[in-house]
Ligand SMILES: Cc1cc2nc3c(=O)[nH]c(=O)nc-3n(C[C@H](O)[C@H](O)[C@H](O)COP(=O)(O)O)c2cc1C
């Protein structure tokens, strides 16, 4: 089930090659073919992107499968996945990475992702980021406009994060469709051990923050607070609220 019911690994004796099917793959095409010949940052970023976007819901099975394969105690000289470059130099390094990713342990990172019609929610997001960085200089904070970002890159950053903050203004008693689409994707990926909160501007009824909070809860995130909503375009006082909101979030999730 990594990641389809008929996915199977094969092991070739004598040559000691594990044909790992979808596990340990990347969407990386290189005529250089082997892991030791390509750019290492790109390789691991692509391997992580593949894991985050495709294998996250199967993390419990990844863990089980890794234990099963290691228990066979057979020599592995090469891992040939069905996508991307071939692992021939220290091939078990990607197995170690998978064990780490499957454990659900996040990096010291907070991702703030929003969309906005008239920039109000963007100004909120920027002030929240400033509040986080002011409170905790060690945490990596990444800010994304959802509509203008590559969806798979954004999911990868969410995968790395210990907390995410999602922002949308209220539109027709709901969310901007870009934000709703991201939340749908997040729900399907069944992330574990992550914290979250919502924010956004509104004009009169202001449902967006409640809806985002509900969707994040349904998706298994633990909410840090009830969210922050600001009426119309945020002025100095509203920006002050956002800075404080960011500081509070940072202090709630501070730590290694
Ligand atoms: C088409 C449209 C529909 C809207 N519907 C609602 C609504 O149902 N409830 C509400 O509180 N505000 C509504 N608003 C107001 C926006 O939420 C408000 O202008 C907000 O400040 C926009 O934030 P932004 O600058 O991040 O786009 C609507 C605005 C537009 C343009």
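The values are calculated or read from the model by the stated rules, or taken from the named source; none is laboratory data. Worth saying up front: this structure is predicted, and the values here are computed from it rather than measured. All Cβ positions, even for glycine, are placed from backbone atoms using ideal geometry, and neighbour counts span all protein chains on display.
Some points to look at:
- The residues of the range 216-233 that are buried (at least 18 other Cβ atoms within 10 Å of the Cβ) and not in a loop (DSSP other than H, G, I, E, B), listed by number, are 216, 228, 229, 230.
- Any chance residue 159 is crowded, with 17+ Cβ neighbours inside 10 Å, without any contact (Cβ under 8 Å) to a residue 40 or more places away in the chain, assigned by TED's automatic domain parsing to the domain that holds residue 218 and under 25 Å from residue 46 (Cβ atoms): no
- Residues that are in a loop (DSSP other than H, G, I, E, B) and farther than 14 Å from residue 253 by Cα do not occur anywhere in the range 121-139.
- Residue within the range 63-74 that is touching a helix residue (DSSP H, G or I) at 6+ places or on another chain (Cβ under 6 Å), in contact (Cβ under 8 Å) with a residue 60 or more places away in the chain and either outside any strand (DSSP E or B) or surrounded by 13 or more Cβ atoms within 10 Å (Cβ to Cβ) (or both) present: no
- Qualifying position, being part of a strand (DSSP E or B), in the same structural domain as residue 23 (by TED's automatic domain parsing) and in contact (Cβ under 8 Å) with a residue 60 or more places away in the chain, among 79, 94: 79
- Residue that is surrounded by the most Cβ atoms within 10 Å (Cβ to Cβ), among those in the range 234-256 that are modelled with pLDDT of 95 or more and over 20 Å from residue 119 (Cα atoms): 249
- Among residues that are assigned to a helix (DSSP H, G or I) and within 20 Å of residue 6 (Cβ to Cβ), residue 44 is not included.
- Check on residue 144, away from the ligand (no atom under 16 Å from the Cβ), assigned by TED's automatic domain parsing to the domain that holds residue 240 and either part of a loop (DSSP other than H, G, I, E, B) or under 28 Å from residue 47 (Cα atoms) (or both): no
- Filter pass, residue 233 being over 23 Å from the mean Cα position of the chain (by Cα) and either farther than 29 Å from residue 104 by Cβ or in contact (Cβ under 8 Å) with a residue 40 or more places away in the chain (or both): yes
- Condition check for residue 205: over 16 Å from residue 117 (Cα atoms), within 16 Å of the ligand (Cβ to nearest atom) and assigned to a loop (DSSP other than H, G, I, E, B): yes
- Residue-level check: of (1) within 16 Å of the ligand (Cβ to nearest atom); (2) surrounded by fewer than 18 Cβ atoms within 10 Å (Cβ to Cβ), residue 181 misses just (1).
- Test: residue in the range 184-192 that is under 18 Å from residue 143 (Cα atoms), within 16 Å of the ligand (Cβ to nearest atom) and either in contact with a helix residue (DSSP H, G or I) (Cβ under 6 Å, 6 or more places away or on another chain) or free of Cβ contacts under 8 Å to residues at least 60 places away in the same chain (or both): no
- Test result for residue 132, outside the structural domain of residue 224 (by TED's automatic domain parsing), crowded, with 17+ Cβ neighbours inside 10 Å and at pLDDT 95 or above: no
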